[in-house]
1. Tell me, please, whether a residue that is closer than 30 Å to residue 128 by Cβ and away from ligand 2 (no atom under 14 Å from the Cβ) can be found in region 57-76.
2. For a quick check of your reading: which strands (runs of 3 or more DSSP E) sit entirely within region 80-179 and have at least 2 residues that are in contact (Cβ under 8 Å) with a residue 60 or more places away in the chain, within 16 Å of ligand 2 (Cβ to nearest atom) and farther than 23 Å from residue 34 by Cβ?
3. Given the conditions (1) under 18 Å from the mean Cα position of the chain (by Cα); (2) within 16 Å of ligand 1 (Cβ to nearest atom), report the number of the one that residue 41 does not fulfil.
4. Taking the condition in contact (Cβ under 8 Å) with a residue 40 or more places away in the chain and under 25 Å from residue 280 (Cβ atoms), does residue 219 pass?
Ligand code: SF4
Ligand code: SF4
């Protein structure tokens, strides 16, 4: 089973919730695997202290056009939905920064004029973290725009044991990397805060989850700082609120120092276990 922990925006405490969920379930017969899918700014390691033992580069295939074979038919440019290969008169230009490495252009080229060269865009790392949690993360190279292939390869790289729970900390927002993080999950835990901004972004994240047809539950973090609109929205949409974490100075200070929520307030271990049981009990 894979649970994706996501939020419509950054700064809601998504990683705080995801890491403490993992720590709370670490005492189970098979400890969970934790995946840090926030590949542009991974920070779950600050809470789980993994020792990395394995590393693998992530590369995408960038097309290269053999001008001696090219007849300038334009079929490659037509096939590229990302406009990463274009025709400029008698020239076929490739823009690597826009390329998703899907190789469609090479497949449609009637002259076999396109070959691919690998371009490293990031790295995958894995090892053991606190409490026997298996930990893996993707790290996108600075300046690289393509987070999706790193997240996709991270999901494929880990080999969960039968019945082993995967907890995936998704990037914030609702763009392509978030969709890729959610894709294939059995449940999406959306972390939000009870403010108008939180509600706005929660709506968008719920929409994405609905489009992917994945069940959703909500954690309200910093409960007490705002209004009731998030509660009302969840009620009207039939979204279960699975946990509330109050707005509290001790939590904010502890988290800022890299302390997991369950270290600050050990009573949350049981609450996270109950949260997981509710998810596991869903049909
Ligand atoms: S499809 Fe092949 S032959 Fe046609 S323009 Fe592109 S590279 Fe050249
Ligand atoms: S590999 Fe895919 S994204 Fe890249 S230029 Fe070719 S068609 Fe476009």
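1. Yes - at least one qualifying residue is present in region 57-76.
2. 114-128
3. Against the list (1) under 18 Å from the mean Cα position of the chain (by Cα); (2) within 16 Å of ligand 1 (Cβ to nearest atom), residue 41 comes up short only on (2).
4. Criteria met by residue 219.
Computed from the coordinates by the stated procedures, all read-outs in this text should not be read as laboratory data. Predicted, not measured: the structure shown is a model, and the values here were computed from it. Ideal geometry is used to build each Cβ from the backbone, glycine not excepted, and the neighbour counts take in all protein chains shown.
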